[in-house]
Amino acid sequence: MTGRPVSGRVVVLTGGVGGAKLVLGLTRVVDPASITAIVNTGDDFRHLGLAISPDIDTLLYTLAGKSNRAQGWGREGESWSFMDALRSLGGEDWFAFGDGDLALHVLRSARLVQGETLSAITHDFARAWGIAVAMRPMSDDAITTHLATDAGELAFQDYFVARRCAPVVSAIRFEGASAARPAPGVLEAIADPDTQAILIAPSNPWLSVDPVLAVPGIRAALAAASAPVVAVTPIIAGEAVKGPTAKLMRELGLALTPATIAAHYDGVIDALLVDDRDRAADVPIAHAFADTLMTTLEDRARVAGAALALAASCRGR
């Protein structure tokens, strides 16, 4: 792969565990302070009166070195006294709060009630834990992902956690998106002349990236950006690494191929990073190949580097 190395700022659209892995990899190949992560908040919801931001929290835990690597979500070394007490009172326990995790939700909720924005709160949490990456929620306005399924319309967490992605999905909508505004710094980061690469993480395109693109102004900003936009495939040899991506694509009648991912991001991306196992695939867009499976920290840095190199090659054309 050819091209000049990235020396300016990097923007990444992210959600979920796969997105957090890529952002962590980026911090190993570029200055973390040069990275802006635009995070999906379509998964956000209220439970037991608390404001929960799962994708923001996953990124916070990952970048702060606090994530539970074996479990794939939540904090390492978590305790569960709160959940034990909750169950003893007959409380809803389908969404589990660890004791350390609970502190994050309580403080966020208290500050939101006081009129602070999710952007400001997230910034303060990141700085408290020594995270140099600029973490931007996609919006400070409420946007919630809803899925039309064979079990009726379900809010995302009902589908994802309570029902373990079992219902068959036929459509997805993002309630509140049309009236929302990008959070402060989001459009500015995309349009910044110092931004040399914009990456779309290998997050679920329909559930983690589409909510970001649904916020008015973000898709247009990406299409107009001077920096190349590169997506990292979430598909490896006709399957997804984890989560409901493959199941969802089949239910929507979509082939699990790099061409489908390229078509989904048509008009947004300039290139696609494709997994080595899909070298025989027809990819109708500028692309490069790499081993995109991110198991170790070295893997994450390798994938991040390959995505940046692809972006650099696009700049060189």
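The values are calculated or read from the model by the stated rules, or taken from the named source; none is laboratory data. Being a predicted model, the structure only gives us computed values, none of them experimental. Don't worry about glycine lacking a Cβ; one is built from the backbone with ideal geometry, like all the others, and counts go over all protein chains shown.
When Glu92 is tested against (1) farther than 28 Å from Arg28 by Cβ; (2) acidic (Asp, Glu); (3) surrounded by 13 or more Cβ atoms within 10 Å (Cβ to Cβ); (4) modelled with pLDDT under 95, exactly one condition is not met: (3). For region 294-307, enumerate the residues that are surrounded by fewer than 16 Cβ atoms within 10 Å (Cβ to Cβ) and not in a helix (DSSP H, G or I). Once the filter is applied, which keeps residues that are surrounded by fewer than 16 Cβ atoms within 10 Å (Cβ to Cβ) and not in a helix (DSSP H, G or I), region 294-307 yields Thr295, Thr296.
Looking across region 157-172 at every residue that is in contact with a Phe, Trp or Tyr (Cβ under 7 Å, 6 or more places away or on another chain) and either among the hydroxyl-bearing types (Ser, Thr, Tyr) or not in a loop (DSSP other than H, G, I, E, B) (or both), the one that is farthest from Gly65 (Cα to Cα) is identified as Ile172. Hey, any hits in region 244-264 for a residue that's surrounded by fewer than 23 Cβ atoms within 10 Å (Cβ to Cβ), closer than 30 Å to Pro184 by Cβ, at pLDDT 95 or above and over 15 Å from the mean Cα position of the chain (by Cα)? Yes. Against the criterion of being surrounded by fewer than 22 Cβ atoms within 10 Å (Cβ to Cβ), outside any strand (DSSP E or B) and more than 19 Å from the chain's Cα centre (by Cα), Ala132 does not qualify.
Among the candidates Gly74, Gly100, single out the residue that is in contact with an Asp or Glu (Cβ under 7 Å, 6 or more places away or on another chain), over 19 Å from Asp44 (Cβ atoms) and at pLDDT below 95.
Working: Gly74 fails: over 19 Å from Asp44 (Cβ atoms).
Exactly one of Gly74, Gly100 is in contact with an Asp or Glu (Cβ under 7 Å, 6 or more places away or on another chain), over 19 Å from Asp44 (Cβ atoms) and at pLDDT below 95, namely Gly100.
If we scan region 55-63, do we find a residue that is under 20 Å from the mean Cα position of the chain (by Cα), modelled with pLDDT under 95, polar (S, T, N, Q) and under 22 Å from Thr295 (Cα atoms)? Before the answer, list the steps.
Let us first name the residues in region 55-63 that are under 20 Å from the mean Cα position of the chain (by Cα), namely 55-63.
Of the ones still in play, those that are also modelled with pLDDT under 95 are none.
Checking region 55-63: not a single residue is under 20 Å from the mean Cα position of the chain (by Cα), modelled with pLDDT under 95, polar (S, T, N, Q) and under 22 Å from Thr295 (Cα atoms).
None of Asp93, Asp84 is touching a Lys or Arg at 6+ places or on another chain (Cβ under 6 Å) and not in a strand (DSSP E or B) except Asp93. State which residue pairs qualify: first residue at positive phi and inside region 45-69, second residue in a loop (DSSP other than H, G, I, E, B) in any location, beta carbons under 9 Å apart, and separation of 6 or more residues or different chains. Pairs that qualify, where the first residue is at positive phi and the partner is in a loop (DSSP other than H, G, I, E, B), are Leu48/Gly91; Leu48/Glu92; Leu48/Phe95; Leu48/Phe97; Gly65/Glu76; Gly65/Trp129. Among residues belonging to region 265-308 that are hydroxyl-bearing (Ser, Thr, Tyr) and under 18 Å from the mean Cα position of the chain (by Cα), point out the one that is modelled with the lowest pLDDT. Ranking the candidates gives Thr295 first. Among the helices (runs of 4 or more DSSP H) confined to region 173-267, the ones with at least 1 residues that are hydroxyl-bearing (Ser, Thr, Tyr) are located at 245-251, 258-264.
With (1) touching a residue at least 60 places away in the same chain (Cβ under 8 Å); (2) not in a helix (DSSP H, G or I) as the list, and Ala281 as the residue in question, which single condition is left unmet? Ala281 satisfies every listed condition except (1).
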